[in-house]
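Asks: Got a structure for you, written out below as structure tokens; questions coming shortly.
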Amino acid sequence: MAHGPRPTATELMCPARTGVRIGHYPINYEVPISRTSGSLASGPLASGPLASGSLASCVSARQAAGRMPYLHSVTNVPLSWNTEMGCGYYTVRCLGEELNLPRSARALVKNVKFTSEKNTIYFPIPFKETETTSALKGIEALVATALANLKYGEITRKIEINLEQTTCFLFQTYLSTIDGLGKYDAGIKAKLKDTDLLQAQSDPYRRMSANLYATKTPETYFHIHGSLEANTTLQMIGLPPFRPDLKTIEDISQCIESHVQQFTVKELETRNKELRQAGVTAYKHEDFIATPHGKVNKDLPPWSVVPLETTTPPIPLSQDAPGAKARVLSSIKVLELCRIIAGPVITRILAEYGADVLKVTSPNLSDVPFFQVDVNFGKQCANIDLKSVEGRKVFDKLLLEADVVVDGYRPGALDKLGYGANALTELALKRGKGFVYVNENCFGYEGEWAYRPGWQQIADCATGIAWAQGKFMGLQEPVIPPFPISDYGTGVMGAIAALTGLYHRAISGGSWHGKVSLMHYDLLLFRVGQYSETVQAQLRARQTEDFFKLRHNHSVDQISGTVMRQMREQYPWLFDQEKYRERWVSKGWNAEVSVIKPVASIEGLELSFKRASRPNGSDEPGWAFLEEDTRLL
């Protein structure tokens, strides 16, 4: 195994001079940050324009190494070495108003502390994933604290965001287990409910219909994506739905790539559009932001929260039952209409804050079986066919009591069924109680590609993340980064949008529409900036030979599995069962399940799950929730 000097945040102990522009007012000062934590509880950030006018100080000290027009750099502290970026001045934008964040949340930044046991960069990725998501988690906790102050009264509540816990959160589906078996372990399939109805996951050939391949156009790549169906994409490139004669991933990849290479990128885009598939060209970032869609979206905020109607009355949060734990969302009912990861992560986070989340899936649509171990935590899960008369009656009854609806399906799908944002706005006016409606999609909500379906790999290819990953690895080709990190980061943005909407509904009434996308999370990573070349070189020096053998046409599982094995050897503490994970006895799985603990810690509030995960469709549809599972650790 190749080892190099381990990047650490030793420079966090050094003061750095920073220039921060809030509106039109530049402020210069020195900010001391401790070695093991980026505490914002004291010093110049504790008061003044930064404390009340922006979320600047919601950013961990590590993030200061990059340019952050949206999630503000509060210091320019070098990440790991004296040569990392140096000290300088940055102009940042005040995003409080732009994102409709509660002013009361912006006034609480002095209570946020970011901690790290090891001060280590973990992911072999050029982007500041942990740092960015730690900042998002800080914002999430601030809005939740603002809600808690409405519900319980205003007191000082210390907030802590741990960077190791955040790192684990970003690949937690790979850390989840059933009876000790993880995603890559033999025997895991027997533990799962088979929701892969069309064998798009279980058949390796069909699974590779969602992968990145070279095209007929020289040095140009296209990520085809059969979603959870596979047939249409395979037929699009002239292949049959099944090829049982292909026995190895290498043979499968070579076969599919040889067919993709029969088409130019333009031809693939045309076919992809005609057949409404989720594929996309792998763009370099500079090429993406030069497209009409990129131009429209590159300067938009990472997420948005806007009113749908303003006539329904304020809905304060109900008080907890006598003797109950202080769960800020204990009175909130959430309907989840999502699959895979990003959308379900939004509601998983809301469940951490005490919301009753009912995940609704169709018995006729596929979902990835193993992901449910992680993303279904804290929820009840029911099957409802929204295309049937009986199913719609059941769902309509659930909507009458719902506070939040999260839509993670392809753009327009729920609108066609009569359950989109406009339909729910009409229902809100009729019932006299507003909704918070949160959309999660791939390409955002403005521009010519807003209608397109997509997944994390698609966003990573479209925005230039994949090309940047390939360059980091010393290649002249794009490579999908390991783990569904953008899914989890997008989930946090969606949770912030939901919490923000609930805050505004409690204060002002009305219905609120939150919008998040995988593309905008990726664009946020570019705005934050990549690690310096010095840091990237140090990261590369740690990687094994197997890592550098990865290429554009290796599957997500091959890439993530390679990095997972490497990380187990290099950072065994991240895989500590007790420190970062919790174990439950799940009746839904009839097994012991282990998942990552909630990231945020807020003094005086209970952030935990009330129930273990279970497979899709395990419960009857309704709001009678029971705390039926036992937490072991």
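What follows draws every value from the coordinates through simple rules; no lab data is involved. This is a predicted model, so every value here is computed, not measured. FYI the Cβ positions are ideal-geometry reconstructions off the backbone, even for glycines, and counts take in every protein chain you see.
Asks: Show the residues, 5+ positions off or on another chain, whose built amide H is closer than 5 Å to the amide H of Ala591.
Replies: HN-HN under 5 Å from Ala591: Ser586.
Asks: In µm²/s, what is D for region 448-597 at 10 °C and 1.306 mPa s, where D = kT/(6 pi eta Rh) by Stokes-Einstein and Rh is the Kirkwood radius from Cα pairs?
Replies: 87 µm²/s
Asks: If the convex hull of the alpha-carbon atoms of region 101-191 is projected onto planes in all directions, what is the mean projected area in square nanometres?
Replies: 8.8 nm²
Asks: Once you place label points 7 Å from the Cα toward the Cβ at Arg103 and Trp623, how far apart are they in nm?
Replies: Here the answer is 3.3 nm between the modelled labels.
Asks: So if each residue of separation counts as 0.36 nm, and I subtract the Cα-Cα distance between Ile507 and Arg568, what length gain in nm does that give?
Replies: 17.3 nm
Asks: On a full-extension model of 0.36 nm per residue, what is the gain between Thr310 and Thr156, subtracting their alpha-carbon distance, rounded to one decimal in nm?
Replies: 52.3 nm
Asks: Full extension from Asn422 to Lys325: what is 0.36 nm times the residue separation minus their Cα-Cα distance, to one decimal in nm?
Replies: 31.3 nm
Asks: Sticking with this one: Points 7 angstrom from Cα along the Cβ direction at Glu578 and Lys266: gap in nanometres?
Replies: 6.4 nm
Asks: In region 239-291, which GluC sites (Glu not before Pro) fall in coil by DSSP and have 16 or fewer other Cβ atoms within 10 Å?
Replies: Counting only loop positions with at most 16 other Cβ atoms within 10 Å, none of the GluC sites (Glu not before Pro) in region 239-291 qualifies.
Asks: Continuing with this model, one more query. For region 510-608, which trypsin sites (Lys or Arg not before Pro) are both in a DSSP coil and crowded by at most 12 other Cβ atoms within 10 Å?
Replies: Counting only loop positions with at most 12 other Cβ atoms within 10 Å, the trypsin sites (Lys or Arg not before Pro) in region 510-608 are Lys549.
Asks: Something else about it: Along the charge dipole of region 489-633, pointing to its positive end and built from +1/-1 on Cβ of Lys, Arg, Asp and Glu, which listed residue (Ala495, Gly617, Tyr580) has its Cα farthest out?
Replies: With unit charges placed on the Cβ atoms, the residue in question is Ala495.
Asks: Can you sort Met519, Met236 from fewest to most other Cβ atoms within 10 Å of each residue's own Cβ?
Replies: Sorted ascending by nearby Cβ count, the order is Met236, Met519.
Asks: Sticking with this one: Report the Cα centroid-to-centroid distance between region 245-303 and region 395-431 in angstrom, as an integer.
Replies: Between the Cα centres of region 245-303 and region 395-431 lies a distance of 32 Å.
Asks: On to the next question. If you take every residue apart from Glu582 with its C-beta less than 14 Å away from the C-beta of Glu582, what net charge results, scoring Lys and Arg +1 and Asp and Glu -1?
Replies: It works out to a net charge of +1.
Asks: A further question on this structure: My understanding is that a pair violates if its Cα-Cα distance is over 25 Å; which of Lys137/Lys359; Lys295/Lys471; Lys393/Lys430; Lys266/Lys549; Lys189/Lys273; Lys183/Lys416 do that in this structure?
Replies: Violating the 25 Å Cα-Cα cut-off are Lys266/Lys549; Lys189/Lys273; Lys183/Lys416.
Asks: For Leu197 paired with Cys255, estimate the spin-label separation in nm (one decimal), with each label point 7 Å from Cα along the Cα-to-Cβ line.
Replies: Inter-label distance under the simple model: 2.6 nm.
Asks: Further question: Only counting other Cβ atoms within 10 Å, I'd like Glu336, Glu97 sorted with the fewest neighbours first.
Replies: The fewest-first ordering by Cβ neighbours comes to Glu97, Glu336.
Asks: Rounded to whole Hz and in sequence order, give me ³J(HN,Hα) for region 411-421 from the Karplus expression 6.51 cos²θ - 1.76 cosθ + 1.60, θ = phi - 60°, writing x for Gly and Pro.
Replies: x, x, 4, 6, 4, 5, 8, x, 10, x, 4
Asks: Go through region 290-361 and name the trypsin sites (Lys or Arg not before Pro) that are in a DSSP coil and have 14 or fewer other Cβ atoms within 10 Å of their Cβ.
Replies: Lys325
Asks: Check cross-link reach from Lys298 to the lysines: straight Cα distance under 17 Å, and skip same-chain residues fewer than eight apart.
Replies: Here the lysines satisfying the reach criterion relative to Lys298 are Lys284, Lys515.
Asks: Read phi for every residue in region 114-122 and hand back ³J(HN,Hα) as whole Hz from Karplus 6.51 cos²θ - 1.76 cosθ + 1.60, θ = phi - 60°, with x for Gly and Pro.
Replies: 3J(HN,Hα) across region 114-122, in whole Hz: 10, 10, 8, 7, 10, 6, 10, 7, 9.
Asks: On to the next question. ³J(HN,Hα) across region 160-175 via Karplus (A = 6.51, B = -1.76, C = 1.60, θ = phi - 60°), whole Hz, x for Gly/Pro?
Replies: 10, 10, 9, 6, 5, 4, 5, 4, 4, 4, 6, 9, 5, 5, 7, 9
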